[in-house]
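Structure first, commentary second.
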Amino acid sequence: MAALWFVPAAMLLIALAPLPYGYYTLLRLVVCVSAGTVAYLSWPKHAAWSVGFIVVALLFNPLIIVALDRGTWAPIDVGVAILYAAHWWIAGRRLIQT
């Protein structure tokens, strides 16, 4: 179940490399679904985390695309990868155990 945090985080860091457009489409889908799932699992005990991951899900959703240039996406990708790792470290490990 830790893959729920680590797969999107790894994919976000890999996205810093120049890759085909299809990868970024897959990235949007994976991050959107995982962020929505993490938000759902965190609610209501960790409501602030839930709100943060809802924002991530909306930002990365594959249906209504937020079009930003590569230079803007790079720090967002790194920040969201850090968000996934921080959430897993602070709250996610407990969510897995319950």
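The values are calculated or read from the model by the stated rules, or taken from the named source; none is laboratory data. Bear in mind the structure is a predicted one, so any value in this text is a computation, not a measurement. Quick reminder, even Gly has a Cβ in these numbers, built from the backbone with ideal geometry, and neighbours come from all protein chains shown.
Residues GLY92, GLY79, GLY36, GLY71: which one is more than 13 Å from ALA9 (Cα to Cα) and at pLDDT 95 or above? Please lay out each step first, then the result.
Details: GLY92 fails: at pLDDT 95 or above; GLY79 fails: more than 13 Å from ALA9 (Cα to Cα); GLY71 fails: at pLDDT 95 or above.
From the options GLY92, GLY79, GLY36, GLY71, the qualifying one is GLY36.
Counting only residues that are touching a Phe, Trp or Tyr at 6+ places or on another chain (Cβ under 8 Å) and of a type in the set (Val, Ile, Thr), how many does the stretch 40-56 have? Break it down stepwise before answering.
Our first condition is that a residue be touching a Phe, Trp or Tyr at 6+ places or on another chain (Cβ under 8 Å); within the stretch 40-56, this holds for 42, 50.
Filter again for of a type in the set (Val, Ile, Thr), leaving none.
Count: 0.
How many of the residues in the stretch 17-60 are outside any helix (DSSP H, G or I) and surrounded by 16 or more Cβ atoms within 10 Å (Cβ to Cβ)? Give the steps one after another, and end with the answer.
Taking the stretch 17-60 and keeping what is outside any helix (DSSP H, G or I), we get 17-20, 43-46, 60.
Then keep just the ones that are surrounded by 16 or more Cβ atoms within 10 Å (Cβ to Cβ); that gives 46, 60.
Summing the residues that are outside any helix (DSSP H, G or I) and surrounded by 16 or more Cβ atoms within 10 Å (Cβ to Cβ) in the stretch 17-60 gives 2.
Tell me, which residue of the stretch 61-94 that is part of a loop (DSSP other than H, G, I, E, B) and in contact with a helix residue (DSSP H, G or I) (Cβ under 7 Å, 6 or more places away or on another chain) is farthest from ALA2 (Cα to Cα)? Write out each step before concluding.
So in the stretch 61-94, the residues part of a loop (DSSP other than H, G, I, E, B) come out as 61-69.
Among the residues that remain, those that are also in contact with a helix residue (DSSP H, G or I) (Cβ under 7 Å, 6 or more places away or on another chain) are: 61-62, 66.
Values: ASN61: 22, PRO62: 23, VAL66: 27 Å.
My answer is VAL66.
For the list (1) within 15 Å of ALA81 (Cβ to Cβ); (2) aromatic (Phe, Trp, Tyr); (3) touching a residue at least 40 places away in the same chain (Cβ under 8 Å), I need the number of the one condition that TYR24 fails.
Tallying (1) within 15 Å of ALA81 (Cβ to Cβ); (2) aromatic (Phe, Trp, Tyr); (3) touching a residue at least 40 places away in the same chain (Cβ under 8 Å), TYR24 fails exactly one: (3).
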